[in-house]
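Taking it in order: structure first as C-alpha cells, then the write-up.
Quick note: the coordinates plus some simple rules give every number you see, no bench work behind them. Bear in mind that the values here come from a model prediction, so they are computed numbers and not experimental data. Note that we place each Cβ from the backbone using ideal geometry, even for glycine, and neighbour counts take in every protein chain shown.
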Amino acid sequence: MGKQYQTRDVEASTPELTIPEQVSVALAGIAESAKEGLLALAVGAGLQVVQALMEESVVALAGPKGKHHPDRVAVRHGHEQGSVTLGGRRVAVQRPRVRAADGSGELPVAAYQLFSGTEVLGRLALERMLGGLSTRRYPLGQEPVGSQAEQAASGTSKSAVSRRFVAMTHTALAELLTRDLSRLDLVCLLVDGGPLRRALLRGGVGD
C-alpha cells in the first residue's frame, strides 16, 4: 500500500511533525567530519536528518513534489536561510517555506518549528553560568560539533549569552514567586532583613 500523506487544516496553529519511515544520509558529504571525531560525524548526519524531516513536513502539507494533489492545503514557496539549535549554539540551515493553497498566507513547517526553538539555549546558558562559566568564556564550554558546523554557528557571543541568562533567571524567579506553598508543613520561616535594612538606611525605599 502506498504511503498516505497527511493533510491539515490551514487554520491549525500547531502543525504535527511527520516522521518518515526511512531517511538516507549522504556519508560522502560528512566524510571530513569523521576526522574530527564521532560527535562531529554524528552532528553532520543529524543536520542531514533535520533537512529530511523539514522536507517531509512540507510533503505533509503540499504532497509529493511534482505530483498533483487537489486536496493539498499548501504549495511550496522555495527556501530561505534559517537556523536550528545545536549544542548551545545556532547553526544555519536552509529552511523550506510553504504557503496556504488558498493564498491566505505562509504556513509553519512543523520540523523547523521544533528544531529552531531557543528554549534549550536559555536552559544551557543558565546551567553553565550557575556552574561558574562566564559569558566571555562561554564558547569554551560548548560541545565539539566539527569545524563545518562551528563556522556556521552563532548565538555564542557574550551579549547573546547574557540576554538568555537574564531571561531565564527572570522566568525562574517568576515561577518561584508564584509557587504554591500551601501544602508545605513549615516549622519556621527565616527572613533575612539585612538588604531591607540597608535600603532603609540609604533611603532607597519609598513610603
Check: Net charge near GLU36, counting Lys/Arg +1 and Asp/Glu -1 over other residues with Cβ under 13 Å of its Cβ?
Finding: -2
Next item on the list: Starting with the fewest neighbours, write out MET129, MET54 ranked by other beta-carbon atoms found within 10 Å of each beta-carbon.
Entry: MET129, MET54
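Sum up the charges of everything whose Cβ sits under 13 Å from the Cβ of SER83, counting Lys and Arg as +1 and Asp and Glu as -1, but leave SER83 out.
Numbers: positive: ARG89, ARG90, ARG95; negative: GLU80.
Overall, the nearby charge balance is +2.
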Check: Taking the Cα centre of each part, how many Å lie between region 100-142 and region 14-70?
Finding: 19
Note to self: So if the hydrodynamic radius of region 58-141 is defined as the Kirkwood radius over C-alpha pairs, what does Stokes-Einstein give as its diffusion coefficient at 4 °C and 1.567 mPa s, in µm² per second?
What the structure shows: 85
Item checked: Distance in nm between pseudo-label sites at HIS77 and SER182 (7 Å out along the Cβ direction from Cα) -> 4.7
Notebook entry, point to check: For the chain, what is the mean residue ellipticity at 222 nm derived from helices alone (per DSSP H run of n ≥ 4: -39500 (n - 2.57); sum divided by total residues; nearest 500 deg cm²/dmol)?
Noted result: -12000 deg cm²/dmol
Note to self: Rg/Rh for region 85-128 to two decimals, with Rh computed the Kirkwood way over all alpha-carbon pairs.
What the structure shows: 1.15
Item checked: Neighbour-count ranking [beta-carbon atoms within 10 angstrom, fewest first] of LEU189, LEU47 -> LEU189, LEU47
Next item on the list: State the extension gain, in nm to one decimal, for the chain segment bounded by ALA34 and ALA52, taking 0.36 nm per residue of separation less the distance between their alpha-carbons.
Entry: 4.4 nm
Check: Three principal axis extents, largest first, for the C-alpha atoms of the chain, in Å?
Finding: 76, 46, 34
